[in-house]
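Shown next, in structure tokens, is the structure this report addresses.
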Amino acid sequence: RAADITRACVRELVHHDRYARILTRSPIVTRDTDLFVEAGEQVTVGMSIPSLDDDALRSIETTAPPPTARLEALRELSDAGVQTYVSMGPTLPTQDKDDLRELLRELATVDPGVIFHEPLNPKGPNFDRTVAAARDQGQDELADKIDQLSHDRVWREYAVEQIRWVHQLGRELNLPVYCWPDDRLTSGN
């Protein structure tokens, strides 16, 4: 039902010459490829793909489809001529520069108009649930690394390092990367 409503909304927006940017984690979005192709430049479809480690993400995004399936759906859309983008966030504290480089190389295969990047943010009630979910799924290293981000200094160092890496790698790979630093990193608080 939600997919039918979304399709009707996109069709209505396009009919009224309005732009639609869709962000999803669901590969089922490819069922609307015909509509997106017909809409041309009026529609851009994106996926949230913070990592290609299906096991790690499954442990903290328990109900979401695996990121490799999301990437494959974006490839299918891109191959059909649909404009794409990627929300590469939140990236995980277990990802090093080489992991991020490999992820960006894979994301480049969908010819994204932009790749938005954001490191994991330890604020809000979901943070503790994320740590617990990773631990429950046997992802102890991931849980420990995420839990360490509750210390402001550790989080700041991790976030700044990842933003720098992704920015640098975006230039190196000639990719349109836009980093979303948390306000706490840019305001001096």
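The values are calculated or read from the model by the stated rules, or taken from the named source; none is laboratory data. All values reported here derive from a predicted model rather than from experimental measurement. All Cβ positions, even for glycine, are placed from backbone atoms using ideal geometry, and neighbour counts span all protein chains on display. With ligands, DNA and RNA removed, areas are computed over all heavy atoms of the protein, side chains included. Shrake-Rupley method; radii C 1.70, N 1.55, O 1.52, S 1.80 Å.
Quick notes on this structure:
- Exposure check, 1.4 Å probe, all protein chains in place: Ser26 carries approximately 40 Å² of accessible surface.
- Dimensions (Å) - region 98-189, Cα atoms, principal axes, largest first: 36, 35, 20
- Projected onto planes of every orientation and averaged, the convex hull of the alpha-carbon atoms in the chain covers 11.4 nm².
- Note on region 13-56: the alpha carbon radius of gyration divided by the globular reference 2.2 N^0.38 Å gives 1.39.
- Applying Stokes-Einstein at 20 °C and 1.002 mPa s to the Kirkwood radius of region 79-139, computed over alpha-carbon pairs, gives a translational diffusion coefficient of 158 µm² s⁻¹.
- Based on Cα contacts under 8 Å between residues 6+ apart, region 4-67 shows a relative contact order of 33 percent.
- Near Leu23, once Lys and Arg are set to +1 and Asp and Glu to -1 for all other residues with Cβ below 13 Å from its Cβ, the sum equals +2.
- Near Val45, once Lys and Arg are set to +1 and Asp and Glu to -1 for all other residues with Cβ below 9 Å from its Cβ, the sum equals 0.
- With N counted as the residues of region 1-88, its alpha-carbon radius of gyration over 2.2 N^0.38 Å works out to 1.10.
- Between the beta carbons of Tyr19 and Arg171, assuming R0 = 30 Å, the FRET efficiency works out to 0.60 to the nearest 0.05.
- Net charge of the neighbourhood of Glu141, taken over other residues with C-beta under 13 Å away and scored Lys/Arg +1, Asp/Glu -1, is -4.
- Amide H to amide H distances under 5 Å link His117 with Met88, Tyr178, Cys179, Trp180, where only residues 5 or more positions off or on other chains count and H is placed in the peptide plane.
- The trypsin sites (Lys or Arg not before Pro) of region 118-189 that DSSP puts in a loop, and whose beta carbon has at most 12 other beta carbons within 10 Å, are Lys123.
- In this view, the solvent-accessible surface of Tyr85, computed with a 1.4 Å probe and all protein chains in place, comes to about 10 Å².
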